[in-house]
Amino acid sequence: MMRGNPWPRVLLTRLGLFLVAGLAGWWLDALAEALLVPTLALLGWEFYHLVRFELWLREGRELSPPPARGLWGHLMDALDRRQQRQRHRRRALQRLMTRYRDAARAMPDAVVVLGDDYRVDWWNAAAGRLLGLQWPADTRQRIANIVRNPEFAAFLANDSPVAREISLPSPLHSDAWLEIRLVPYGEDLSLLLARDVTHLHRLETMRRDFVGNVSHELRTPLTVIYGIAETLADELGDDADVGDTMRLLQEQSERMRRLVDDLLMLSRLETGATPSNPEWVDMCPLLEELVEDGRALSGSRNHRFELECERGLLLEGCESELRSAFSNLIFNAVKYTPENGFIGVRWYANNTGAHLAVTDNGIGIPAAHIPRLTERFYRVDSARSKASGGTGLGLAIVKHVLNRHAGQLTIRSQPGQGSTFICTFPPQAIQRAPAPSR
């Protein structure tokens, strides 16, 4: 086995051979013939080793290289060492891939490797049970042709470089529900993960039904209580003690009524289907009405409102739901902005879609609370929220309305400097109204 640089030894050997042959030829007065002999010998030597080298490559490099000396021995030895390292790496990679595949096969969740155009390359046993994949018929089939669901097809059509998820009924059993997650990786590859969430879906359905039914049942008695409290407050208003008690009863029953209304709204948003016949909503008149409502709510607090609206920019959706979401944002800005504060409302479009931004210079929100603001009944400051008459459901309603309109909510805020709530809608959800003819 030769190591190091073989060229000095090889060149010295060749040079010595030709020097001896040259001296012999000069002594015998046959210099050309003398130099021809070592040249032919070297050519034969090199051709002999070249044949052996080619035969070794052709018959299999798994065998040890043939014995050789000089440069050919060094070359064969180096190539054999490199091949051994590659074989070791290949075996290690094969063992690693085997362990990964065994782990994927053992997973209770479905794992599907998708290639270009979301074609199925590989799947584990759980994918067969949950998604109905069958080998070999479904190999290289588009996953959308196997899992036939309009929502799933739209989910796949929304190309995104980040992971995303969706919940769907199982293609095998309509009463079973799956949570499907799509994770892009590599070039034109994706990993589809699916797990059975039927139990969680049933619990969530029971929760929604319970909240909706209880809220509906509470609505009538609360209306009666509020009416009686209002009547008694008018009749007994002269009595200071009784009048204060009736007004307190009236305020709390009104607060309960607003809470029930918000719960019913959330229940409708969660259980109702996306509007099948959306309309094109002219946003500027809608926002002008909501800003006026905000001024009325502000009252003597003298907030300064500013509306910037891009005329003729229409949004596709349900006007009543959009009104509810946007009014919650504007009214929250009024509630949490001190007297003489600023509240700005802006509706505009750019290359990423359309945006509604509600900005204020109010109390602001600490960064730790922002990720949880859209949870039901989550409050940054319970005492302040109760004092303002909030139900803790406004931003949850905003989130659900935006989800039903393919929108997203972005929140930017710093304590003491104010907040900005931005609703973003995709480009396909907007259009520009034709300019009025003159």
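Computed quantities for the displayed model
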{"item": "Within the chain, percent of DSSP bridges classed antiparallel, to nearest 5", "result": "90"}
{"item": "Accessible area per residue, Å², region 180-269 with all protein chains present, probe 1.4 Å", "result": "64"}
{"item": "1.4 Å probe accessible area per residue over region 1-86, in Å²", "result": "75"}
{"item": "Leading residue at positive end of dipole, the chain (Cβ point charges), from Gln431, Thr337, Leu189", "result": "Leu189"}
{"item": "Estimated FRET transfer efficiency when R0 is 45 angstrom, pair Arg95-Thr352 (beta carbons, to 0.05)", "result": "0.45"}
{"item": "Highest-MSF residue in the chain out of Ala406, Ala233, Ala68 [GNM, Cα springs under 10 Å]", "result": "Ala68"}
{"item": "The chain, Rg to Rh (Cα coordinates; Rh as Kirkwood inverse mean 1/r)", "result": "1.32"}
{"item": "The chain - percent of accessible surface contributed by carbon and sulfur, probe 1.4 Å", "result": "56"}
{"item": "Nearest 10 degrees, 0 to 90: helix 240-271 Cα axis against the chain principal axis", "result": "40"}
{"item": "Nearest-ten-degree value, helix 283-298 long axis tilted from longest Cα axis of the chain", "result": "60"}
{"item": "The chain: most fluctuating residue of Asp196, Asp282, Asp80 per GNM, C-alpha cutoff 10 Å", "result": "Asp80"}
{"item": "Rounded tilt (10° steps) of 319-335 against the dominant C-alpha axis of the chain", "result": "80"}
{"item": "Built amide H within the under 5 Å cut-off of Val281, gap 5+", "result": "Leu315, Glu316, Gly317"}
{"item": "Residue-by-residue Karplus 3J(HN,Hα) for region 70-83, coefficients 6.51, -1.76, 1.60, Hz, glycine and proline x", "result": "x, 4, 5, x, 5, 5, 5, 5, 5, 5, 5, 5, 5, 5"}
{"item": "Karplus-derived 3J(HN,Hα), 6.51/-1.76/1.60, for each residue of region 198-203, Hz, glycine and proline x", "result": "4, 5, 5, 5, 5, 4"}
{"item": "1.4 Å probe accessible area per residue over region 285-438, in Å²", "result": "50"}
{"item": "Karplus-derived 3J(HN,Hα), 6.51/-1.76/1.60, for each residue of region 301-312, Hz, glycine and proline x", "result": "6, 6, 6, 9, 9, 9, 10, 10, 10, 7, 5, x"}
{"item": "Calculated FRET efficiency for the pair Trp7/Val37, C-beta based, R₀ 22 Å, to 0.05", "result": "0.40"}
{"item": "Listed residues Leu409, Leu50, Leu133, most fluctuating in the chain (Gaussian network, C-alpha, under 10 Å)", "result": "Leu50"}
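The values are calculated or read from the model by the stated rules, or taken from the named source; none is laboratory data. In this text, all values refer to a predicted model and were calculated from it rather than measured experimentally. Positions of Cβ are backbone-derived with ideal geometry, glycine not excepted, and every protein chain shown enters the neighbour counts. The area values use the complete protein model at the heavy-atom level, side chains included, leaving out ligands, DNA and RNA. Shrake-Rupley method; radii C 1.70, N 1.55, O 1.52, S 1.80 Å.
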